[in-house]
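The values are calculated or read from the model by the stated rules, or taken from the named source; none is laboratory data. The structure displayed is predicted, hence computed values, not measured ones. Please note: Cβ atoms are built from the backbone with ideal geometry, for glycine as well, and neighbour counts cover all protein chains shown. For accessibility, only protein heavy atoms count, side chains too; no ligands or nucleic acids. Shrake-Rupley method; radii C 1.70, N 1.55, O 1.52, S 1.80 Å.
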Amino acid sequence: MATTTRTIEVELSTTGLDAQGRPQRVPLATDEAGNLVPMTPAPALEPELEGEHMLINIGPQHPATHGVLRLVLELDGETVVRCVPHIGYLHCGFEKIGEYRQYNQIIPWTDREDYLNSPGNNVAFALGAERLFGIEITERCTVLRVIAMELSRLISHCVWLGTFCIDIGAFTPFLWIFQQRERVYTMLESWIGARLTTTLTRVGGMGADIPDGWTEDLANFIRTFPAVLDECNTMLTKNAIWVGRTVGLGAMSADEAINYGLSGPMLRASGVAYDVRKDFPYLDYETYDFDVPVGQTGDVYDRFLVRMEEMRQSIRILDQALKRLPDGPVNVDDHRVILPPKSKATSDMESMIHHFKQVMEGPRPPIGEAYVAVESPKGEKGYYMVSDGTSKPVRWRIRPPSFVNLSAIPKMVEGHLLSDVIAINASIDIVMGEIDR
Amino acid sequence: MSDTFLPVVAGHAEDGRVAPPSTPRNVPYQNGAPNPSAEALRAQFADAVQRVDVVWGETTVFVDRARVLEIVRWLHDDPTQQYDYLSDVTAVEYRDLDRPIEVVWHLRSLPHRRFLRLKTLLPKGQPLAVPSVWDVYKGADWLERECYDMFGIRFEGHPDLRRLLMWEQYKEGYPLRKDFPLRGRFSRSEQLRQILAQNPEAKYSMEELTVLEAFDELSLEQRNRLRSGEKVGE
Amino acid sequence: MGLDTRRVETGVDVSPSSSESWVTTRLDFLVNWGRANSLWPMPFGTACCAIEFMATAASKFDLARFGMERMSFSPRQADVLICAGRVPFKLAPVIRRIWQQMPQPKWCISMGACASSGGMFDNYAVVQGIDTIIPVDVYVPGCPPRPEGLMYGIMMLQEKVKKERMADKSLRNEMEPDPQSQLYIPPSLIDEVSEPFGNAVHQTRSGL
Ligand code: SF4
């Protein structure tokens, strides 16, 4: 990346009024060359004092670690010289359990690993399983799944924004954004019956079609949600405190970010436009018109901007998806994987056998393997499934984006102040359920 | 789109070099078109490439275990391949316990929009070890540690191969191995007793950062690992 | 010692001939009223249930209505431990330590199926119910419980607090784990309550 100097104009709301009563404009510059030396702080300028390094332990139970992450920090004064993350405090053996469950039975577990993004995970898993079974889903199902994925990106980014604000010291956006999140929850609830753990998809279709009138709810949401984003934008983006606490922190250059395997907004903030929806499309994402926001410096502020813009793009996709939602069946007409309707199962011999075989034995894919990746709110989320011809996978592997993103945290925090560790950590958007699985 | 961002429509690959991607449809079970990199690998490392499979449109290249690092480095550096992104490192053990364990690397070439699966076979009854690709991809750090933790596969050349998800004194074995029972080897009360006997604060110390200093407190297994010449510390 | 099951008798004489005076019972009432309406929760949020806990605390459901305005992120100032989410074995000593750091009087709400019983995670990694590690007052079922469910659990806890008697010293007994094994209930009991039952028994076979 070329050396860039960026000027962010901030508005000082109350204290910094000039003589005419207008807000003062303070230019802040981040200087960046090759390996990205953060502007603040400059530890080398401190006189070397005699003294021991201090060891600080954050977590595993700490409000700013978003779950049960544990960071052991070695501090020189207030500067972090070494950071050792410890994870595994939420290791629940998802992948082991997956080997003991049929494909449709695994879907409830996908809700619970990245629990901010349950509908998205359901869709991702179903896509993987369908690849393994060799099933093509219906038109309506494709569009419904796009809606589910983008809604789930929105609610995940909502939680990220709320908690990020709290970590940096702004409480109000948390309350605003959670109101919007509740609206999505209500919509999901009327669709599938659960707020958080949705289990929305089945192999070959969806658990349920959307109820009557649901599209109006969604249209209403699409219309009103951007206003809340604008409010948060006004509140944060040019706020002097916000800018001061995020600019220049935890920067990763593009090459580093790729090499560390970062994905999602973390990677895009560093200037790499890798988005699975664009590069390895699924669910006809190539036919939707949306942009991929790309940052310049890869610092915490850029990650914030990228995610804010992603929410707007999600709204755009939702709008298009809603307009093209076709009529027709949701589930494929394939009784290998989709249960026949109950009425037929009790009256028609063949349907009853299908029903019985599916429930008792489960559908069996041919021998093979599939790795299907989607763009989750955190990055490239992949499900890798290996089948040996039985109804249960031999191996169900989750490629967790925030796991890989978090593994770069020592690189990101070293040289920064202790209080910045919290901001950097929040900007990764970790979710421990996915990291530890 | 707000003016802060450069609008990007086509993703990371350079325009014109590769065809615009589209959602795969009606993917054939077998006999799909293989990834061109497979041929290139054959040409470059004839004897090290054991087999090329195409299943559900994804190309799997089985390679010789000893040359994994060399092959991965070539894939990463060669200008016609540019596999610059490591998606995943994991392993597969089959229910047929005589089948070898497979170690799987999922690689992506962002400039060429390619996806390649590398595999290597680890026969049972031999020490489970493969070369680490940490030298090429820094992102492999935790992925390999996790794989070691769950399968007991040693990644030679990894700078800090410790358990990641389970705790260092975990005695029951490697959870994702097929001979490991779903509920663990010990009874629930024994599992609870073992973990509660650990003092959570005992580890909040400087020793934690440099394992060597806490050598005497380590489990026998870990000591043996350290003795065998592994690098320690973070 | 240690490995006894918990005592269940209240230790309070409630017969009319009891020597407890009107004053102490009124004082009880006053103290309990104050306590019940200003419980400070210590959110021990680990997994999905913690997100529902956040929703409960946020704008729509507003936990502050129940006197829980102040989340106490330090166990030293907390009254109620709300364990929201799964507790794997690796976290067991941590939650035990946090419980021990909380001063009396203290209560514990186990939110969700996982915290209460291990839920759908009957495998090598997850504690089958946090009541094998620390004593629990209220179990809130659900996966995750809805915010209303959690509030109902909290109200049940308030009821419980209001019924407490100061004369009953056993209420304030600290859990005393067996120094050798660190368990506070007998191992056989732990094994018994952790047994899978129902359909789960058959779901340990892999491959079919
Ligand atoms: S009870 Fe359900 S929602 Fe709650 S932590 Fe467990 S799996 Fe998650």
Single residue of the range A:182-202 satisfying the filter (within 16 Å of the ligand (Cβ to nearest atom) and in a helix (DSSP H, G or I)) that is surrounded by the fewest Cβ atoms within 10 Å (Cβ to Cβ):
A:Glu189
Mind checking whether some residue in the range C:99-114 is within 13 Å of the ligand (Cβ to nearest atom), at positive phi, crowded, with 21+ Cβ neighbours inside 10 Å and within 14 Å of chain B (Cβ to nearest Cβ)?
no
Any residue in the range C:98-112 that's in contact (Cβ under 8 Å) with a residue 40 or more places away in the chain and under 15 Å from C:Phe53 (Cα atoms): show its pairings with residues that are open to solvent by 10 Å² or more (accessible area, probe 1.4 Å) and more than 16 Å from the ligand (Cβ to nearest atom) at Cβ separation under 7 Å, as long as the two are six or more apart or on different chains.
C:Ile109/C:Asp137
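Look at the range A:56-88 and say how many of its residues are assigned to a loop (DSSP other than H, G, I, E, B) and at the interface with chain B (Cβ under 9 Å from one of its Cβ atoms).
3
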List pairs: first residue in the range C:61-86 and closer than 21 Å to C:Val136 by Cα, second residue acidic (Asp, Glu) and crowded, with 18+ Cβ neighbours inside 10 Å anywhere in the structure, Cβ distance under 9 angstrom, at least six positions apart or on different chains.
C:Ser72/C:Asp79; C:Ala84/C:Glu52
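The rows are residues; the columns are (1) modelled with pLDDT of 80 or more; (2) under 30 Å from A:Pro401 (Cα atoms); (3) away from every other protein chain (no Cβ under 13 Å).
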| residue | (1), (2), (3) |
| --- | --- |
| B:Ala140 | yes, yes, no |
| B:Leu161 | yes, yes, yes |
| B:Phe186 | yes, no, no |
| B:Ile195 | yes, yes, no |
| B:Leu218 | no, no, yes |
Exactly one of A:Val394, A:Val294, A:Val330 is touching a residue at least 40 places away in the same chain (Cβ under 8 Å) and more than 30 Å from B:Lys119 (Cβ to Cβ), and that one is A:Val330
Across (1) farther than 25 Å from C:Met120 by Cβ; (2) part of a loop (DSSP other than H, G, I, E, B); (3) in contact (Cβ under 8 Å) with a residue 40 or more places away in the chain; (4) facing another protein chain (nearest Cβ under 10 Å), A:Ala373 clears everything bar (2)
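Within the range A:307-360, how many residues are in a helix (DSSP H, G or I) and not β-branched (Val, Ile, Thr)? Can you show your working first?
As a first pass, look at the range A:307-360 and keep what is in a helix (DSSP H, G or I): A:307-324, A:342-347, A:349-360.
Retained after the next criterion (residues that are not β-branched (Val, Ile, Thr)): A:307-314, A:316, A:318-324, A:342-345, A:347, A:349-352, A:354-358, A:360.
The qualifying residues number 31.
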For the range A:240-253, how many residues meet the condition of being open to solvent by 20 Å² or more (accessible area, probe 1.4 Å) and under 16 Å from A:Asp302 (Cβ atoms)?
3
Condition check for C:Ile95: open to solvent by less than 10 Å² (accessible area, probe 1.4 Å), out of contact with any strand residue (DSSP E or B) (no Cβ under 9 Å at 6 or more places or on another chain) and either away from the ligand (no atom under 13 Å from the Cβ) or closer than 26 Å to A:Asp436 by Cα (or both):
no
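Among residues belonging to the range A:102-141 that are among the charged types (D, E, K, R) and within 7 Å of another protein chain (Cβ to nearest Cβ), point out the one that is farthest from the chain's Cα centre (by Cα).
In the first step, residues of the range A:102-141 are kept if they are among the charged types (D, E, K, R); the result is A:111-114, A:130-131, A:136, A:139-140.
Still in the list and also within 7 Å of another protein chain (Cβ to nearest Cβ): A:112, A:131, A:136.
Details: A:Arg112: 14, A:Arg131: 23, A:Glu136: 26 Å.
In this case the residue turns out to be A:Glu136.
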Scan the range A:376-398 and give yes if some residue there is under 29 Å from A:Ile135 (Cα atoms), of a type in the set (D, E, K, R) and within 16 Å of the ligand (Cβ to nearest atom), otherwise no.
no
Would you be able to say whether some residue in the range C:73-92 is within 16 Å of the ligand (Cβ to nearest atom), within 23 Å of C:Pro141 (Cβ to Cβ), of a type in the set (Phe, Trp, Tyr) and in a helix (DSSP H, G or I)?
yes
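Among the residues that make up the range A:121-138, is at least one of them basic (Lys, Arg), crowded, with 24+ Cβ neighbours inside 10 Å and out of contact with any Lys or Arg (no Cβ under 7 Å at 6 or more places or on another chain)? Let's see the steps before the verdict.
As a first pass, look at the range A:121-138 and keep what is basic (Lys, Arg): A:131.
Adding the requirement that they be crowded, with 24+ Cβ neighbours inside 10 Å leaves A:131.
Going one step further and asking which of them are out of contact with any Lys or Arg (no Cβ under 7 Å at 6 or more places or on another chain), we end up with A:131.
Looking through the range A:121-138, at least one residue is basic (Lys, Arg), crowded, with 24+ Cβ neighbours inside 10 Å and out of contact with any Lys or Arg (no Cβ under 7 Å at 6 or more places or on another chain).
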Is it fair to say A:Pro377 is at pLDDT 85 or above, in contact with a Gly (Cβ under 9 Å, 6 or more places away or on another chain) and of a type outside the set (S, T, N, Q)?
yes
I'd like to check something: does the range A:170-178 contain any residue that is at pLDDT below 90 and away from chain C (no Cβ under 13 Å)?
yes
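Residues are listed down the side, and each one gets a yes or a no for (1) within 16 Å of the ligand (Cβ to nearest atom); (2) touching a helix residue (DSSP H, G or I) at 6+ places or on another chain (Cβ under 8 Å); (3) within 14 Å of chain C (Cβ to nearest Cβ):
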| site | (1), (2), (3) |
| --- | --- |
| A:Trp160 | no, yes, yes |
| A:Ile166 | no, yes, yes |
| A:Gln180 | no, yes, yes |
| A:Gly204 | no, yes, no |
| A:Gly213 | no, no, no |
| A:Ala227 | no, no, no |
When the range C:134-173 is checked residue by residue, the ones that are within 16 Å of the ligand (Cβ to nearest atom), in contact with a Ser or Thr (Cβ under 8 Å, 6 or more places away or on another chain) and assigned to a loop (DSSP other than H, G, I, E, B) are C:Val136, C:Pro141, C:Cys143, C:Pro144
Selected residue [among the basic types (Lys, Arg) and away from the ligand (no atom under 16 Å from the Cβ)] from A:Arg145, A:Arg101
A:Arg145
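Based on this model, can you work out whether A:Ile424 counts as touching a residue at least 24 places away in the same chain (Cβ under 8 Å), open to solvent by less than 10 Å² (accessible area, probe 1.4 Å) and in a loop (DSSP other than H, G, I, E, B)? Show your work before the answer.
Working: touching a residue at least 24 places away in the same chain (Cβ under 8 Å): yes; open to solvent by less than 10 Å² (accessible area, probe 1.4 Å): yes; in a loop (DSSP other than H, G, I, E, B): no.
No.
Residue-by-condition table, conditions (1) more than 10 Å from every other protein chain (Cβ to nearest Cβ); (2) small (Gly, Ala, Ser); (3) touching a Ser or Thr at 6+ places or on another chain (Cβ under 7 Å); (4) within 18 Å of A:Leu90 (Cα to Cα):
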| position | (1), (2), (3), (4) |
| --- | --- |
| B:Pro131 | yes, no, no, no |
| B:Val136 | no, no, no, no |
| B:Glu144 | yes, no, yes, no |
| B:Gly152 | yes, yes, no, no |
| B:Gly157 | yes, yes, yes, no |
| B:Leu165 | no, no, no, yes |
| B:Tyr170 | no, no, no, yes |
| B:Lys178 | no, no, no, no |
Step by step: first the residues of the range C:118-133, then only those that are more than 9 Å from the ligand (Cβ to nearest atom) and open to solvent by 10 Å² or more (accessible area, probe 1.4 Å), then the one that is farthest from the other protein chains (Cβ to nearest Cβ). Which residue is that?
C:Asp131
